[in-house]
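Asks: Please find one structure pasted underneath; my questions will follow.
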Amino acid sequence: MKRLRLLIVDDHEVVRLGLRLLLQNRPEFELVGEAESGAQALSLVERLRPDLVVLDVRLPDRDGVEVCREITARFPETRVLILTAYPDEEFIVRAIEAGASGYVLKRAGSRELIEALEALARGEAILDPTITRKVLEQFRQRSRATREEAFKDLTPRERLILARIAEGKSNREIAKELFLTEKTVRNYVSIILDKLGVSNRVEAAAYALKHRIHDFLKEEDNAS
């Protein structure tokens, strides 16, 4: 299995040390560099071309979200995992729109972080379930008409699966809950991404939360 080459970007030395210790005994990961500022991060990404950048959104010299946007625009082969202590709704939405492949809170345990990195190594996208709830709150004022337009191309089953994606559930969890096979769920996810015009699960989750899919499904149930 190819080792995932990581660059850590955080202005706190203790955080960088903790991540370094966490990763040093994991043969599937290779830490290729560390940066404490946005300028350093961009310079190292250009020189080292890591597979993944673990990036804090609050940096001393630049907005971390804009650093993420520049990395994904200039180096599309490099993915970005946002790792931050702040579950700030504005940062979450901006980071996703900037091309982040995942968003994990620093309070997550070592196991959760390793699982997130492993998922990214498999090409999956990660969104902390805690964050999905906060993003949902930000968009509570969306109108029913807007929601109907947002989900009109999806079948009822596709809407249910999209809602589970927005909750941060894996294909396996969705399959178990809806009594489907994982392969069937994967096929549904591919169809959903295509219909929504998004490239991964994180973008699909952001879309679903932005247009309040859970409220939409409740309204559909009440109308039936």
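The values are calculated or read from the model by the stated rules, or taken from the named source; none is laboratory data. A quick note: this is a predicted structure, and the numbers were derived from the prediction, not measured. Every residue, glycine among them, receives a Cβ derived from its backbone with ideal geometry; neighbour counts consider all protein chains shown.
Asks: Enumerate the strands (runs of 3 or more DSSP E) found wholly within region 32-127, keeping only those where 1 or more residues are farther than 24 Å from A208 by Cβ and in contact with a Ser or Thr (Cβ under 9 Å, 6 or more places away or on another chain).
Replies: Per the criteria, 52-55.
Asks: Another question, then. Just to be sure, is S37 in contact with a Pro (Cβ under 9 Å, 6 or more places away or on another chain), surrounded by fewer than 23 Cβ atoms within 10 Å (Cβ to Cβ) and hydroxyl-bearing (S, T, Y)?
Replies: When the stated conditions are applied, S37 passes them.
Asks: What residue, of R47, R94, R58, R79, is at pLDDT 95 or above and either of a type in the set (D, E, K, R) or more than 19 Å from R201 (Cα to Cα) (or both)?
Replies: Result: R47 is the single residue among R47, R94, R58, R79 that is at pLDDT 95 or above and either of a type in the set (D, E, K, R) or more than 19 Å from R201 (Cα to Cα) (or both).
Asks: Which of the residues belonging to region 169-224 are surrounded by fewer than 21 Cβ atoms within 10 Å (Cβ to Cβ), β-branched (V, I, T) and closer than 26 Å to P76 by Cβ?
Replies: Matches in region 169-224: V189, I191, V198.
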